[in-house]
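Shown next, in structure tokens, is the structure this report addresses.
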């Protein structure tokens with residue numbers, strides 16, 4: 001096509017570099033030359049042409065406004081899902097450019113209720129970010145995958161509202177490290193919840209390591225209270241969860257090569273560089289790391305429903321790549 | 001720009017002009033220089049921190065020097081040509097494409113202000129991407145050997161280029177790269193066509209039995225070549241070890257360990273398949289002699305993989321469960337030692353389910369952290385004095401050892417780095 005990696009018509013005696021050799025070393029041409037790359041079409045995608053034409057370049061799908069996720073009213077403890085949800089969901093999946101991953105329709109169940117208005121009595125199998133002081137017991141969905149992703153890490157930020165003297169904090173706090181040559185923040189840790197905080201001199205703080213939203217908030221309040229006890233007029237302003245990471249196991253092996261072929265616009269799979277497939281879902285905007293053993297890591301969520309929604313979206317696709325090709 | 005008045009003619013028609021690189025405020029009416037060398041920030045020329053440019057660069061941009069290419073970029077473009085020549089990329093179109101990609105990637109903010117190691121990897125990355133876009137059966141390990149870089153650095157640069165420039169690259173199939181990997185390994189023997197076909201078929205078998213999924217290609221291909229080479233003259237080669245077969249000084253012991261692991265996995269698969277051949281006695285096949293059964297295994301590969309009896313009729317109907325069991329009998333190595341879980345709910349009960357009482361007010365109080373816990377995290381006055389004494393002692397020590405050295409005012413406030421275990425140990429000692 002455009003050139004061959006190895007040419008058999010090289011005249012003998014002309015020195016050619018070989019692999020594993022630096023620029024200055026010259027070796028004679030090898031006798032064994034692999035065949036030229038096929039002059040066939042580039043790797044075909046199994047996506048329908050109409051969808052290919054409608055979609056821009058990878059990972060930049062514009063979400064369809066008709067399927068914007070409306071505000072849903074969650075009530076913990078509800079277990080049954082409206083069947084109309086699943087029917088509406090299957091209709092939405094068949095729309096091109098819906099923002100969800102293409103090539104799949106008739107999703108069996110799933111806790112989505114895109115078409116319902118905010119005033120409708122929508123039900124969900126997964127509890128939303130709960131009201132204060134409520135126990136967290138996510139219900140196993142009656143339909144769908146039957147698997148609930150577990151939250152592994154939550155990153156949150158808060159503004160303490162005052163300037164801080166990091167040297168004083170590091171001097172008076174037992175659980176703090178401060179090495180300004182390496183990093184311009186105090187690293188503080190507490191046992192319960194088992195978390196780590198980065199405290200900056202501007203008064204901003206980052207809290208990592210919590211397993212739930214409430215634990216992250218509680219940990220951040222503890223750090224802020226410790227700083228307040230050290231003599232600073234700390235408050236607790238603008239607490240916000242920046243990132244949530246979840247993981248789960250689908251319990252069957254996954255053909256990553258097949259998945260990257262059919263969903264190439266969303267997936268990146270380089271086994272020589274990283275053993276997992278990186279799937280960038282557009283709606284919800286979540287990045288999934290999918291491994292051949294069936295383990296899935298979901299990250300990039302601001303609320304836990306995004307993680308659940310992303311997993312319910314990807315699960316039927318993964319089931320399709322369970323068998324050998 | 002604030003309204004200025006010309007000191008000579010009193011006119012207000014003042015405009016900004018460049019005299020080479022020097023900014024001057026010039027009165028249009030009389031030509032008098034009202035002001036020059038102003039340090040005021042102009043909103044039109046405020047650059048983001050990563051876009052700070054030198055005065056010569058500013059001058060070139062304002063005077064539309066579009067064709068100018070800096071020395072660093074020229075050196076990088078030349079390196080692209082050299083790497084393309086080493087890979088025998090004879091198509092000038094591909095080389096130009098790689099150069100254009102390099103110049104685009106060079107301007108990316110994350111790569112423009114980065115360390116030299118990453119910039120040295122950039123030309124190789126661009127050549128690899130262009131080769132893959134044209135479906136060349138080239139592996140990343142070839143580039144690593146060519147440009148002598150670490151895989152982590154290559155991956156970081158490669159990821160940035162793909163995401164920031166919206167490029168889709170598909171990894172090559174393992175069957176496509178078999179010839180280039182064999183050539184790269186530079187074995188001291190020749191493989192004929194029949195052996196190459198056998199190698200290709202066993203690699204496909206490895207793919208179907210989950211050995212190659214998510215793994216590097218080189219160790220698997222080398223392992224298959226080893227088994228096929230051993231099978232071609234079993235009597236002489238049955239005791240050959242893997243390090244003596246594969247000697248690549250640059251690869252190191254890690255690759256040999258990976259090859260050994262793949263050989264073990266392949267032998268397990270081949271033993272499993274060979275045991276199902278009807279004329280093979282139970283216990284006859286082992287790791288030493290399994291290579292002798294390769295031809296039989298490949299001849300009846302499909303049947304052996306399906307798990308059906310060779311002499312059974314096709315009319316035998318299997319239930320869906322049995323069919324799934326047969327297809328799942330080969331699992332990825334990572335799944336084989338997994339402990340079975342009886343109930344899905346058991347996995348769900350984690351620390352995230354523990355109920356937590358937390359306040360939502362902006363004011364902090366004693367309810368946020370009990371005093372019993374607070375004292376664990378705050379030093380007593382005695383401890384503070386001790387820490388201060390240690391710090392002073394360290395500073396005096398540094399001054400006496402290096403009298404000319406600048407006093408480090410930013411020294412760590414911890415005599416030693418604190419770890420989580422230290423925090424936990426503190427609790428234990430206090431409870432005692």
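Here, each number is a calculation from the coordinates, and none is a lab measurement. In this text the structure is predicted, and so the values were computed from the model without any measurement. So basically every Cβ, Gly included, is an ideal-geometry build from the backbone, and we count neighbours across all protein chains shown.
Just report the Cα centroid separation between segment B:269-309 and segment B:374-397, whole Å.
One Cα centre to the other: 71 Å.
What is the distance in Å between the Cα centres of segment B:107-127 and segment B:209-237?
Each part's Cα centre sits 36 Å from the other's.
Using label points projected 7 Å from each Cα along Cα→Cβ, tell me how many nm separate residue B:96 and residue B:286, to one decimal.
Each label point is offset 7 Å from its Cα along the Cβ direction, giving 6.5 nm.
Kirkwood hydrodynamic radius, computed over distinct alpha-carbon pairs, for segment B:71-172: how many Å, to one decimal?
By the Kirkwood definition, the hydrodynamic radius is 13.3 Å.
In whole Å, how far is the Cα centre of segment B:73-100 from that of segment A:176-238?
50
Below 8 Å between Cα atoms, with a sequence gap of 6+, how large is the relative contact order for segment B:71-172 in percent?
After rounding, I find 28 percent.
Taking the Cβ-Cβ separation of residue B:390 and residue B:112 as r and a Förster radius of 30 Å, what is the calculated FRET efficiency to the nearest 0.05?
0.10
Using R₀ = 30 Å, calculate the FRET efficiency as 1/(1 + (r/R₀)^6) where r is the Cβ-Cβ separation of residue B:72 and residue B:4; round to 0.05.
The computed FRET efficiency comes out at 0.15.
I want to check the label-to-label distance for residue B:15 and residue B:164. Put each point 7 Å from Cα in the C-beta direction and report it in nm to one decimal.
3.7
What number in nm² do you get for segment B:157-202 if you take the convex hull of its Cα atoms and divide its surface by four?
Mean projected area of the Cα convex hull: 4.6 nm².
Stokes-Einstein at 25 °C, 0.890 mPa s, Kirkwood radius from Cα pairs: D for segment B:144-287 in µm² s⁻¹?
In µm²/s, the coefficient rounds to 144.
Is the C-alpha gyration tensor of segment A:250-321 telling us rounded, prolate or oblate? Criteria: a/c under 1.5 is rounded; beyond that, a/b larger than b/c is prolate, otherwise oblate.
Prolate, since a/c reaches 1.5 and a/b exceeds b/c.
To the nearest 0.05, what FRET efficiency results for residue A:243 and residue B:331 with a Förster distance of 45 Å applied to their C-beta separation?
Between residue A:243 and residue B:331 the formula returns 0.85.
In whole percent, what relative contact order does segment B:176-308 give with Cα contacts below 8 Å and a gap of six or more residues?
24
Per residue Cα convex hull volume for segment A:156-242, in cubic angstrom?
Once divided by residue count, the hull of segment A:156-242 is 82 Å³.
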